[in-house]
1. Eigenvalues of the Cα gyration tensor times 5, then square-rooted: what semi-axes does that give for the stretch B:80-131, in whole angstrom, largest first?
2. Assuming 0.692 mPa s and 37 °C, estimate D for the stretch A:202-357 with Stokes-Einstein, Rh taken as the Kirkwood radius over Cα pairs, in µm²/s.
3. Work out from phi, with θ = phi - 60° and the Karplus expression 6.51 cos²θ - 1.76 cosθ + 1.60, the ³J(HN,Hα) of each residue of the stretch B:35-45, listed in order in whole Hz, and give x for Gly and Pro.
4. Report the gain in length on full extension from residue A:6 to residue A:65: 0.36 nm times residue separation, minus Cα-Cα distance, nm rounded to one decimal.
5. Kirkwood Rh, Cα Rg: Rg to Rh for the stretch B:40-107?
6. So what does the Cα-only Debye profile of the stretch A:239-329 read at q = 0.12, 0.17, 0.20, 0.21 Å⁻¹, as log10 I(q)/I(0), no solvent term?
7. Could you give the C-alpha radius of gyration of the stretch A:235-283 expressed as a fraction of 2.2 N^0.38 Å, taking N as the number of residues it contains?
Amino acid sequence: MSEPTERDEDRLQRMLQRWGAEEAVRESRAADAERPRKKRPLLRWLPAAIAAGLLLASLVTFHLASRRGERNTETAGANAREQNGRDLRRELAALREELSSTHAEADAARERAERLAEQQAAHRRQLDELRAQLDAADPTALADAQREVERLSEQLQQERQRSEELAAELASARRRLEGTLDVAERAEQLQVRVDELAARLAETDRELRRAAEREKELLAGQGDLRAELEGLANRHAALLRDCQSAYLGWSDRPVVLGVRQSAVSENRLLQRASRVRQMAGSPETAELIDCVEVVLTRLMMLPSESPAAEETFGRLLKQTDCLARIDAALASPAGPRALRAWLTEAKLVLMGAGNVG
Amino acid sequence: MWAKTTMAILLATFAGGCGNTPYSEPTDKSHSFDKRVETELDQAIAKAADGEYAEAAAQFAELAERYRQSGDREHAAAAMFWLGFCRERQGRLEEAREIYEQVETRYPALPAADQARRRLQLLTEPDEGEI
C-alpha cells in the first residue's frame, strides 16, 4: 500500500463535510487500518512494556496495601476479643458472687427450716404432755369445779337480784323525794298490774303449749282434749281482751286508733323504747324493739278516727309481723322484767289493729 | 279582665307549688288521709321496720321531695321525719337532728313535728324516767 495521497486527503475533507467529524474519524480509522504498518519493533512494544510495568507496579502496591490492611484488621479483632474476654470474666465473677450468695441464703434457709422443725417437735411434745395431763386429770375435780362455777353464778344471780331490788327501792325513794308520789304510785300500780297480767299470759301460754303437746300425743281421737284446748284458747283470747281493755281503759269495740295512741302517750312507750333497747340480750330482741318502735311511731302519726287509717295500719302490722315476733319473745321466760313488760304493753296496744292479732 | 284573672290564678298556683307564699298551718292537727300516698309511705316504713335504713332513707328522701313539689305539706313533713328517723338509726345523729329541726320549723303544727320534737328531745336529753 502507498502513502496517503492528496486525493485521499480531499476525500477525507469531503467526508468530514458530508458526515461530520465522528463519521470522518471512523472512516479515517478504517482507512488507517487498511494502511500497512511500518516495522518499528521498539516503538511497537514500548507502550506494552510501559503498560506491563505500570500493571506490575500497581499489583505490588495493591499487595503491600492489602497486607497492611490485613494487619490493621487483625489488630482490631484482637482488641475486640480482648475486650469481650474482659467483659466475660467480669460477668463470670459477678455470677460467681451471685452463686455464692445464693448458696449462703440456701444455707440460712436450711438452718431456719431445721430450727422450725425443732420448734415444731418441741410444740408437739408439749401438746402430747398437755394431752397426757388432761387424760390423767381427775373427773371428780372437774365436776367439783363445774359445781363451783354453778354455785358462783347462782350467787351472782342472787347478788344481781338484790341490787335490782335495792335500785327499785332507791327509785321509789327518789320519787317520794321529788314529790311525785301519786304519779309514781299510779305507775307502780300499773306496772304491778301489767306484771300480773304478763305472768298470767305467760302461764296461759304455757298451758296452751302443754295442751298442744298433749293433743299431739293423743292424736285426733281425743275430742275432750280438743275441746279443752279450744276452751283454753278461748280463755286465752278473752283474757287478752280483758287485759287490753284494762290497759287501754276502753271497753267499747272496736278499739279505735285514738285509744291506742293515748295508751302509747300515757305510758310513754316511745320514750321508754331507747332504754328498753339497752336491755336487749340478743340482736334479735334489739331488732324486735326497733321494729315495734317504728310501728308505734307510725301509729302516732296516723289520724285517730279513720277506718282507712286503721286498715292501713293493720296492713303495716301484718307486713312487719310484729305481734307474732312479740309473742315469740314473750314465750321465753328469760329477759329482764322491764323489757318483758314493755313488750307486753306494746302487744296490748297493737292487738286487734286492723283486725290483726 | 279575663286575662288578668287567669294570670292571677296561674301565679297563685305557681307560688303555692313552690312554697313561696306564707302557709297557714292547720291548727287542729287534723290529718288528710290519702290511701295511695299512705301506702307509699308504709312501704318505706316497713323497710325501716325491717332494719333496712339506707334503702328506706332513699325512698323517704324521694317521697319528701315529690310531696313537697306537689304541695302536699303533711306527707312531705311525714316523709322528712322518717328520713331523720332512718338517719338516727344509721348513727348519723347530726344529720338526723338537722332534719328534725327542719320538720319542726317548717311544719310546726303537723303531727310529724310532734314526733320530730320528741326525737329531738330524746337526742338532747336521753329519757331518765321510769322504764
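Values in this text are rule-based calculations from the coordinates and carry no lab data. Just so it is clear, the model here is predicted, and its values are computed rather than measured.
1. Value: 17, 14, 8 Å, ordered largest first.
2. 197 µm²/s
3. 4, 5, 5, 5, 5, 4, 4, 5, 4, 6, 5
4. Contour length minus Cα-Cα distance gives 15.7 nm.
5. With Rg and the Kirkwood Rh in hand, the quotient comes to 0.95.
6. For the stretch A:239-329 at q = 0.12, 0.17, 0.20, 0.21 Å⁻¹, log10 I(q)/I(0) is -0.39, -0.81, -1.10, -1.20.
7. 1.42
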